[in-house]
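Engineer: Have a look at the structure that comes next, please.
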Amino acid sequence: EIPLDWWHPYGGDVLPALVDEALAHNPDLQAAATRLDVARAQAVITGADRSPQASVGASRTRDKRVFIGLPVPGTENVSTLSTAYSLSFDTSWELDLWGRLAAAEEAARAEVRAAEADLAGARLSLVGATVKAWLALVEAHLQVGVAERSATNWTNNRRLVERRYRAGLRTAVDLRIVAASEAAAEARLAVRRRNEAQAARSLDVLLGRYPAGELRATRDLPRLDNLAPTGVPAALLSRRPDLAAAEHRLAAAEFRVTEAQRAFYPDLTLIGSAGTSSDDMGDLLDGDFTVWSFVSRFTQPVWEGGRLRARVDLTDAVAAEALALFAGTLLDAFAEVENALDAERRLAEEEAALAIAAVEAREARTLAAQRYGSGLEDVVTLLETERGAQVAESELLAARRERLVARIDLHLALGGGFGTTWTTDPLIEAPRALWLQGAQAGEQQAPTDEADPERQP
């Protein structure tokens, strides 16, 4: 089972309940669970072909016969009416001498394991998406706070300029510039509030709720430590559910090849039937009316218009595609880890720089307001410092959330937390090693098959 508690450091009092609600009610996750049920049912259907088939039947037959042209006077149109009853127990069993049915069953089981990995991946992705949506809502709420403070500051600046204008110390141009900036700040506040409502609705959808947009975040963004893993640990990558799913599908494709190849061999089927038959229903349980039959049917394909050969070619092509898809998934996994590690480092540097910029911008804004009130600065300086402080605070919040998202992406790229393990089926390690060997040699090739019936998966 993939660990789902890796997100706890980024949570609080509200997030655990939201994650549980998403896991319980998200429609996409429910669809993934349904696909697993479909795969399991299909595996049972496929496996049933290896077992004897038995059925019980009962029948009642009414039969009328007309005899025309008999040489006896008065019997020109004689008819008879008869009723027959039968009770039977029928069995059939295809002996899987060459492993064709066994290969089909193993392929179905591998597809079940792939569906299980898909469901685990859907759960992991949903948890990540829920945490990201919550952080987006927190940031949107904090951005509203920044916009509200900025609007308040612009109102205070407008009042300051208005007082100095009435005292004849500033021109009407200064007053109109500040009034325009105040209105622009109100517009930005409206945009931030709209973004907060949209973030809440996005989270509602993940939770399986009606998107009313009523969720609110009242806490700060969590702080991150600098203890992130370095390099790309292959052992952690092996926990990724998408890699496990790709490996199981590759194994299933290999079994399908074997199934297609075994179709060239003859089939041996045993068919048996036992029961009773009589004109009187009361005799159906009488052993004197017992009938039985036993048939051994041995069939060898001779000519099917190239169907069997084409089926082998088809399954070979599907197996080659599965190997290529696994290779692409593996490369994507390494790229995601590398990108997340790189983003972790660079966003940490960006956040540190923006934190300094925000402090300096706030100090500059305060100083500019004081100097403008004393007549030592012009309105342009006041405007620039106010805008600079607002932008610096907003960018710092965005960088903090982006760094949190990058850390979450790193967790997702590694298949969960940093300290747990995820093991794969030994059956699917051979295809992985095959691809890695080809990649190291600089030549990636899909496995080929000459329709050899003796080929084993």
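Engineer: So, residue 357, is that one small (Gly, Ala, Ser) and either touching a Gly at 6+ places or on another chain (Cβ under 9 Å) or over 30 Å from residue 39 (Cβ atoms) (or both) or not?
Structural biologist: Taking the combined requirement at face value, the residue satisfies it.
Engineer: Kindly check whether there is at least one residue in segment 93-102 that is in a strand (DSSP E or B), farther than 30 Å from residue 299 by Cα, touching a strand residue (DSSP E or B) at 6+ places or on another chain (Cβ under 8 Å) and modelled with pLDDT under 85.
Structural biologist: no
Engineer: Out of all the residues in segment 234-257, is one or more surrounded by fewer than 18 Cβ atoms within 10 Å (Cβ to Cβ), assigned to a helix (DSSP H, G or I), modelled with pLDDT under 85 and not charged (D, E, K, R)?
Structural biologist: Yes: one or more hits.
Engineer: Further question on the same structure: Out of 429, 363, 395, which single residue is within 37 Å of the chain's Cα centre (by Cα) and at pLDDT 90 or above?
Structural biologist: 395
Engineer: Only one of (1) open to solvent by less than 60 Å² (accessible area, probe 1.4 Å); (2) modelled with pLDDT under 85 is not met by residue 340, so which one is it?
Structural biologist: Condition not satisfied by residue 340: (2).
Engineer: Would you check if there is a residue in segment 109-132 being touching a residue at least 12 places away in the same chain (Cβ under 8 Å), of a type in the set (Ser, Thr, Tyr), open to solvent by 40 Å² or more (accessible area, probe 1.4 Å) and in a helix (DSSP H, G or I)?
Structural biologist: Yes, that holds for at least one residue.
Engineer: Quick check on residue 158: is it surrounded by 16 or more Cβ atoms within 10 Å (Cβ to Cβ), touching a residue at least 12 places away in the same chain (Cβ under 8 Å) and not in a helix (DSSP H, G or I)?
Structural biologist: So residue 158 fails the test.
Engineer: Answer with yes or no whether residue 168 is at positive phi and surrounded by fewer than 19 Cβ atoms within 10 Å (Cβ to Cβ).
Structural biologist: yes
Engineer: Looking only at residues that are among the acidic types (Asp, Glu) and open to solvent by 30 Å² or more (accessible area, probe 1.4 Å) in segment 352-395, which one is nearest to residue 143 (Cα to Cα)?
Structural biologist: Here the residue is 395.
Engineer: What's the number of the condition residue 348 fails, among (1) small (Gly, Ala, Ser); (2) under 21 Å from residue 165 (Cα atoms); (3) in contact (Cβ under 8 Å) with a residue 24 or more places away in the chain?
Structural biologist: It is condition (2) that residue 348 fails.
Engineer: Sticking with this one: Quick check on my filter: what residues within segment 133-155 are farther than 20 Å from residue 221 by Cα, open to solvent by less than 60 Å² (accessible area, probe 1.4 Å) and β-branched (Val, Ile, Thr)?
Structural biologist: Matches in segment 133-155: 155 only.
The values are calculated or read from the model by the stated rules, or taken from the named source; none is laboratory data. It should be emphasised that the depicted structure is a prediction, and the values quoted were computed from it without experimental measurement. FYI the Cβ positions are ideal-geometry reconstructions off the backbone, even for glycines, and counts take in every protein chain you see. For accessibility, only protein heavy atoms count, side chains too; no ligands or nucleic acids. Shrake-Rupley method; radii C 1.70, N 1.55, O 1.52, S 1.80 Å.
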